[in-house]
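Single-structure report; data block below.
The values are calculated or read from the model by the stated rules, or taken from the named source; none is laboratory data. In this text the structure is predicted, and so the values were computed from the model without any measurement. Cβ: placed from backbone, ideal geometry, glycine included. Neighbour counts: every protein chain shown.
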Amino acid sequence: MTVVSTEDLEYFVTKQRPLIVAQGTPPIPPQIAPVWRPPAILPAPLGVMPVPASPVTWSSQSRPVNFSDLVEWVEASLEATRNEIYKIDLNNWVGKSVRVCVCPCDVANDLLYLRDLSRLYGLGVLEFGQRLVPERFTIIDGIVVEVFNDGRALFRQKRARKARIELTKYPDRGSRNVLNNTDSRFLLKIERAE
């Protein structure tokens, strides 16, 4: 507690108070209003994904991609690749370290796989209707171990838990899989590993 004399009070009223009044009241800081933002879009968990009935979008910056159009573009890409891969003789690659571009045999029904491919169109990496080159699918390194009938081969993947897969030049869902339900992949491209 401070004792103020009459002289101090008179000095404050006549000298200091006019200066304070002239400065005006100090500005009141504005209140901070909460701003709502939509949650970040996370990738869907692994598992079965229903066929979307509406266009698929991946972020506020992406373009909507129609699911049926996407299937048509992928199938057109596979058809163009299939015509080239028929000319490949897998016997020439047995025992060699190779790099292959592959995709699921039934890629048009593999929704998780199509989800990843749709990002290329949705984010503008590819123009709508543009075909996917083999390198846009899955690239793996390994060795062609053995060739079977009907353009099928046993491929041992390099440094992988599921090392044995079947390469096939016929994307038929692996219905005639000679490896007893081992992963069956449609071969899109094969070349010597670097």
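Residues in region 101-112 that are closer than 15 Å to Tyr170 by Cβ, in contact with a strand residue (DSSP E or B) (Cβ under 8 Å, 6 or more places away or on another chain) and hydrophobic (A, V, I, L, M, F, W, C): Val102, Cys103, Cys105, Val107.
For Glu135, the conditions (1) surrounded by 14 or more Cβ atoms within 10 Å (Cβ to Cβ); (2) part of a helix (DSSP H, G or I) all hold with the exception of (1). A residue that is of a type outside the set (S, T, N, Q), under 22 Å from the mean Cα position of the chain (by Cα) and either modelled with pLDDT of 85 or more or closer than 23 Å to Ile190 by Cβ (or both) occurs nowhere in region 80-98. Within region 64-75, is there a residue that is on the phi > 0 side of the Ramachandran plot, loosely packed, with under 14 Cβ neighbours inside 10 Å and assigned to a loop (DSSP other than H, G, I, E, B)? There is no residue in region 64-75 that is on the phi > 0 side of the Ramachandran plot, loosely packed, with under 14 Cβ neighbours inside 10 Å and assigned to a loop (DSSP other than H, G, I, E, B). The set of residues in region 152-194 being basic (Lys, Arg), modelled with pLDDT of 75 or more and outside any strand (DSSP E or B) consists of Lys158, Lys169.
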